[in-house]
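Enquirer: Structure provided below as structure tokens; questions to follow.
The values are calculated or read from the model by the stated rules, or taken from the named source; none is laboratory data. Every value quoted in this text rests on a predicted model; they were computed, and no experiment measured them. When we count neighbours, we look across all protein chains shown, and the Cβ atoms used for this are built from the backbone with ideal geometry, even at glycine. The accessibility values were calculated without ligands, DNA or RNA, using every heavy atom of the protein model including side chains. Shrake-Rupley method; radii C 1.70, N 1.55, O 1.52, S 1.80 Å.
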Amino acid sequence: MGYVQRVIEECEAKFPHQVYFLQALKEIFESLKPEIDRNPSYEKNAILERLVVPERSIAFRVPWIDDEGRARVNQGYRIEFNSALGPYKGGLRFHPSVNEDVIKFLGFEQILKNSLTTLNMGGGKGGSDFDPKGKSENEIMRFCQSFMSELYRHIGDRTDVPAGDIGVGGREVGYMFGQYKRLSNRFDGVLTGKGLKWGGSLVRKEATGYGSVYFAQAMLEARGESLEGKICCVSGSGNVAIYTIEKLYALGAKPVTASDSRGMIYDAEGIDLALLKEIKENRRESLQAYAQEKKSAIYTPVSEYPQGRNQVWSIPCFAAFPSATQNELNLADAQELLKNGCQCVSEGANMPCTLEATNLFVDSKICYGPAKAANAGGVATSGLEMAQNASMSIWSFEEVDAKLLKIMRGIFAHAQETAKEFGQEQNLVLGANIAGFRKVAMAMIEQGVV
Ligand code: NDP
């Protein structure tokens with residue numbers, strides 16, 4: 001049995017219930033095979049066995065008091081996965097589905113993603129099963145403060161620098177930063193995604209969505225194509241989806257869908273971005289409100305999705321931008337997208353496509369940007385925020401945006417070149433995984449068995 005297969009099987013035996021982690025691991029390891037087969041030093045140095053075990057996993061209790069005066073408890077996590085390339089870096093997710101498995105898959109992906117950005121960042125991820133939905137402003141603040149009351153002792157601007165993810169935006173980062181400062185008596189760049197007046201970077205809020213569109217643009221340009229005038233389908237309506245839609249408009253495309261956990265909207269006139277921002281960023285309401293206010297939009301609730309399939313992917317489009325959550329696009333969805341002529345998929349969310357859908361996209365040779373490459377713009381701009389904090393400087397919107405564009409184009413070029421080395425120029429899953437892995441593995445070998 002080959003080295004890669006042996007480690008996959010060992011992980012399956014050791015973590016049989018960690019289905020997301022195993023899914024991410026298989027996708028990555030399968031595509032590393034040709035690189036691993038060429039280099040016996042990886043096995044000699046037990047790189048894969050070391051890579052799959054986090055350097056440190058922290059699980060902790062998060063007690064807080066709700067508005068009725070009742071004590072509540074949630075589970076908190078921070079997984080400091082790999083620091084070969086720099087301080088642990090990766091977001092915090094607050095969502096009821098969060099468990100060790102989800103945080104492990106996200107942290108594992110993050111190692112290679114951060115490597116691809118070319119910035120010095122290791123991989124980590126954290127979060128809680130706390131559900132921010134329906135909570136008052138005060139409850140959110142009390143929860144964030146309690147979460148940070150434990151987390152603060154494990155993080156630092158040169159140790160571990162968390163950021164946002166699902167359910168954690170500027171508001172939550174603000175409350176956590178306030179508590180960190182109070183407990184540590186330090187004002188430093190320990191979190192990214194901070195407010196613009198107190199250490200945040202311009203473009204950080206927009207970065208993941210903009211980056212995913214820049215990546216799609218780079219993939220299409222390489223084939224003499226563009227997004228201009230093209231119909232696009234976007235899922236989600238949070239941070240990543242909103243700024244994907246904004247950049248699509250800037251490049252002359254027409255995004256016609258958005259979704260949330262309760263349903264989706266199809267607006268053939270094109271999504272009204274100002275209305276979407278008002279409903280989601282300010283009023284924090286369901287997308288149903290969009291269809292009530294914009295008559296050209298059709299709203300379909302999740303309960304009416306045929307066979308439970310995400311309706312976003314049934315709308316014919318040139319390019320698709322899955323930007324909500326993991327496994328939101330399955331094999332049947334991928335088949336339907338291809339049947340309807342979809343030419344490009346750029347993953348804004350982490351692991352939004354099932355393994356079968358990913359394999360179909362790769363085999364079909366359309367432009368397919370895997371998450372760790374296509375959505376790396378967020379963490380890359382977090383890296384730029386860290387650089388500004390460390391040098392006490394503030395860069396303009398145009399400066400950060402230009403750096404983001406350059407990084408995204410660089411990631412595409414690096415992934416494509418690497419794929420080419422293996423005779424599979426269009427397979428960016430293989431290219432991104434191998435390009436990200438090589439750098440981490442080399443650093444681990446050079447730093448010894450630690
Ligand atoms: P947000 O919390 O801002 O938005 C998430 C969106 O996805 C919301 O519209 C939410 O609906 C929807 N959603 C969440 N869970 C589900 C679910 N189980 N089923 C259907 N819809 C769901 O998060 P982000 O936009 O920040 O993150 C979206 C994705 O992008 C995640 O996979 C995240 O890991 C990834 N990502 C984010 C980065 C960032 O910088 N923020 C960086 C890189 C990747 P509702 O409003 O109803 O909850």
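Enquirer: Name the trypsin sites (Lys or Arg not before Pro) in the range 307-405 that are in a loop by DSSP and that have at most 15 other C-beta atoms within 10 Å, would you?
Expert: Numbers: sites: ARG309, LYS339, LYS365, LYS372, LYS403; in loops: ARG309, LYS365.
Counting only loop positions with at most 15 other Cβ atoms within 10 Å, the trypsin sites (Lys or Arg not before Pro) in the range 307-405 are ARG309, LYS365.
Enquirer: Taking only Cα atoms and a 10 Å spring cutoff, compute GNM fluctuations for the chain and point out the largest among PRO322, PRO370, PRO132.
Expert: PRO132
Enquirer: What is the antiparallel percent of DSSP beta bridges lying wholly in the range 207-374, to the nearest 5? Mind dumping the intermediate values first?
Expert: Values: 9 of 20 bridges.
Approximately 45 percent, going by the DSSP bridge assignments.
Enquirer: Then there's this: List, in order, the whole-Hz ³J(HN,Hα) value for each residue of the range 319-333 obtained from phi through the Karplus relation with A = 6.51, B = -1.76, C = 1.60 and θ = phi - 60°; use x for Gly and Pro.
Expert: 9, 10, 10, x, 9, 10, 7, 6, 6, 8, 9, 9, 4, 4, 5
Enquirer: Next up: Give me the accessible area of TRP198, 1.4 Å probe, in Å² rounded to the nearest 10.
Expert: My reading of the accessible area for TRP198 is about 80 Å².
Enquirer: So how much accessible area does ASP363 have, in Å² to the nearest 10, using a 1.4 Å probe?
Expert: Rounded to the nearest 10, that gives 120 Å².
Enquirer: Using the Cα gyration tensor of the range 55-101, with a ≥ b ≥ c the square roots of its eigenvalues, what is the shape: rounded (a/c below 1.5), prolate (a/b larger than b/c) or oblate (neither)?
Expert: It comes out prolate by the Cα gyration axes.
Enquirer: Oh, and also: Give the list, by residue number, of cysteines in the chain with no other Cys Cβ closer than 4.7 Å, or say none.
Expert: CYS11, CYS144, CYS232, CYS342, CYS353
Enquirer: Sticking with this one: Take the alpha-carbon positions of the range 297-355, form their convex hull, and give its projected area averaged over all directions (one quarter of the hull surface) in nm². Please report the intermediate quantities before stating the final value.
Expert: Working: hull surface 16.7 nm².
With the hull built on Cα positions only, its mean projection is 4.2 nm².
Enquirer: Would you mind computing the Rg to Rh ratio of the range 159-203 from its alpha-carbon coordinates, Kirkwood style for Rh?
Expert: On the way: Rg = 10.0 Å, Rh = 10.7 Å.
Answer for the range 159-203: 0.93.
Enquirer: Can you list the HN-Hα couplings for the range 38-46, worked out from phi with the Karplus curve (6.51, -1.76, 1.60; θ = phi - 60°), rounded to whole Hz and with x for Gly and Pro?
Expert: My calculation for the range 38-46 gives 7, 10, x, 5, 5, 5, 4, 8, 6 Hz in order.
Enquirer: Now for a separate question. Restricting to DSSP H runs of at least four residues, report the calculated mean residue ellipticity at 222 nm for the chain, -39500 (n - 2.57) per run over all residues, nearest 500 deg cm²/dmol. Before the final figure, lay out each step's value.
Expert: Values: 17 runs with 211 residues, N = 450.
Helix-only estimate at 222 nm: -14500 deg cm²/dmol.
Enquirer: Report the one residue of GLY431, CYS353, GLY178 whose Cα lies farthest in the direction of the positive end of the charge dipole of the chain (charges on C-beta: Lys and Arg +1, Asp and Glu -1; origin at the Cα centre).
Expert: In the chain, that residue is GLY178.
Enquirer: Take the eigenvalues of the Cα gyration tensor for the range 233-301, scale each by 5, and report the square roots as semi-axes in whole Å, largest first. Walk me through the numbers on the way to the answer.
Expert: Numbers: eigenvalues 54, 35, 22 Å².
After diagonalising the Cα gyration tensor, the semi-axes are 16, 13, 11 Å.
Enquirer: Taking square-rooted eigenvalues a ≥ b ≥ c of the alpha carbon gyration tensor, is the range 263-387 rounded, prolate or oblate, where a/c under 1.5 means rounded and, failing that, a/b exceeding b/c means prolate? Could you put the intermediate results ahead of the total?
Expert: Details: a/c = 1.95, a/b = 1.12, b/c = 1.75.
Oblate.
Enquirer: Continuing with the same structure: What is the percent of Cα-Cα separations in the range 325-443 that go past 23 Å? Mind dumping the intermediate values first?
Expert: Details: 2743 of 7021 pairs.
Cα-Cα pairs of the range 325-443 separated by over 23 Å account for 39 percent.
Enquirer: Just the ratio, please: alpha-carbon radius of gyration of the chain over 2.2 N^0.38 Å, N its number of residues.
Expert: Numbers: Rg = 20.9 Å, N = 450, 2.2 N^0.38 = 22.4 Å.
After normalising by residue count via 2.2 N^0.38 Å, the value is 0.93.
Enquirer: List every residue whose amide H lies under 5 Å from the amide H of ARG93, counting only residues 5 or more places away in sequence or on a different chain, with H placed 1.01 Å from N in the peptide plane.
Expert: Those lying under 5 Å, H to H, from ARG93 are GLY126, GLY127, SER128.
Enquirer: Show me the three semi-axes of the equivalent ellipsoid for the range 54-187, from the C-alpha gyration tensor (sqrt of 5 times each eigenvalue), largest first, rounded to whole Å.
Expert: On the way: eigenvalues 126, 50, 30 Å².
The three semi-axes for the range 54-187 are 25, 16, 12 Å.
Enquirer: If the cut-off is a Cα-Cα distance under 17 Å, which lysines reach LYS247, setting aside same-chain residues fewer than 8 apart in sequence?
Expert: Within the straight-line cut-off, LYS247 pairs with LYS205, LYS230, LYS277, LYS403, LYS406.
Enquirer: A follow-up question, please. Would you mind working out the magnitude of the charge dipole of the chain relative to its Cα centre, with +1 at each Lys and Arg C-beta and -1 at each Asp and Glu C-beta, to the nearest 20 Debye?
Expert: On the way: 51 positive and 55 negative charges, 182 e Å.
Magnitude of the dipole: close to 880 debye.
Enquirer: May I pose another question? Tell me the carbon and sulfur percent of the accessible area for the range 207-374, rounded to whole percent, probe radius 1.4 Å.
Expert: On the way: 2890 of 6020 Å².
Carbon with sulfur: 48 percent of the solvent-accessible area.
Enquirer: Same structure, new question: I want the antiparallel fraction of DSSP beta bridges within the range 54-187, as a percent rounded to 5. Kindly include the intermediate steps, with their values, before the conclusion.
Expert: Numbers: 18 of 27 bridges.
Taking every DSSP beta bridge with both residues in the range 54-187, the antiparallel ones total about 65 percent.
Enquirer: Moving on to the next point. Hey, got the dipole for the range 54-187? About the Cα centre, +1 on K and R Cβ, -1 on D and E Cβ, debye to the nearest 20? Show your work: numbers first, answer last.
Expert: Values: 19 positive and 17 negative charges, 74 e Å.
Dipole size: approximately 360 debye.
Enquirer: Can I ask one more? Excluding same-chain residues fewer than 8 positions from LYS14, which lysines have a Cα within less than 24 Å of its Cα?
Expert: LYS26, LYS33, LYS44, LYS104, LYS125
Enquirer: Follow-up. Which one of PHE94, SER396, ALA297 has its Cα pushed farthest toward the positive end of the charge dipole of the chain, where Lys and Arg give +1 and Asp and Glu give -1 at the Cβ?
Expert: Most positive-ward Cα: SER396.
Enquirer: In the chain, if the dipole is taken from +1 on Lys/Arg beta carbons and -1 on Asp/Glu beta carbons about the Cα centre, which of PHE187, ALA250, ILE65 is farthest to the positive end?
Expert: Of the options given, the answer is PHE187.
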